[in-house]
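Chemist: Before I ask anything, here is the structure I am working with.
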């Protein structure tokens, strides 16, 4: 059943319109539909725009959000499968765009990127094909014990996938936990890299 309403777009007010346009076009493999002195529209699919940028006539200088700032935390984009997510990771990595943090949430496998204004963009795959299975997992003991999940190294994910590991194996938290990386919550809240 189609959602009603369905998500249409996200809008950012920015004092760095060119940097933000370039970054979102690169990360989302998108293109500018329209841009003028006041705004820009970017899309990557059949929708007329998915990301909009407002350019105030006299923009205030960019001020980095603090962990205590009330603000949008992130926008997420879902890929159909792990190989598509890894293909995007490689394309971005090869263009010098690296994730701030990668997390095996259990319900998703997620790579978080930070845009030029400091907003997070999550690139993910869903672990479960059916929403009811995802909901059941989120109501279960593993998720209750750690609702964020462990960090993982995207290069290890790529190498293990290329070596033949299954999506199911790589989506399980036990795969990420074996890497013994630092708690990702601090990276999500305090800036990543």
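Chemist: Please return the ranges of helices (runs of 4 or more DSSP H) entirely within region 76-191 where 3 or more residues are free of Cβ contacts under 8 Å to residues at least 12 places away in the same chain, surrounded by fewer than 20 Cβ atoms within 10 Å (Cβ to Cβ) and over 20 Å from the mean Cα position of the chain (by Cα).
Modeler: Because the criterion is at least 3 residues that are free of Cβ contacts under 8 Å to residues at least 12 places away in the same chain, surrounded by fewer than 20 Cβ atoms within 10 Å (Cβ to Cβ) and over 20 Å from the mean Cα position of the chain (by Cα), the helices (runs of 4 or more DSSP H) in region 76-191 that meet it are 131-138, 141-145.
Chemist: Output the residues belonging to region 4-28 that are surrounded by 13 or more Cβ atoms within 10 Å (Cβ to Cβ) and out of contact with any strand residue (DSSP E or B) (no Cβ under 8 Å at 6 or more places or on another chain).
Modeler: Selection gives 15, 16, 18, 19, 22, 23, 26.
Chemist: Then there's this: Does residue 1 meet the test of being in contact with a strand residue (DSSP E or B) (Cβ under 9 Å, 6 or more places away or on another chain), modelled with pLDDT under 90, exposed (fewer than 13 other Cβ atoms within 10 Å of the Cβ) and within 26 Å of residue 110 (Cβ to Cβ)?
Modeler: Judged against the criteria, residue 1 is not a match.
Chemist: While we're looking at this one, here's another question. Mind checking which residues of region 18-41 are farther than 16 Å from residue 116 by Cα and assigned to a strand (DSSP E or B)?
Modeler: 31, 32, 33, 34, 35, 39, 41
The values are calculated or read from the model by the stated rules, or taken from the named source; none is laboratory data. Fair warning: this is a prediction, and the values are worked out from it, not measured in the lab. As a convention, Cβ positions derive from the backbone with ideal geometry for all residues, glycine included, and neighbour counts pool all protein chains shown.
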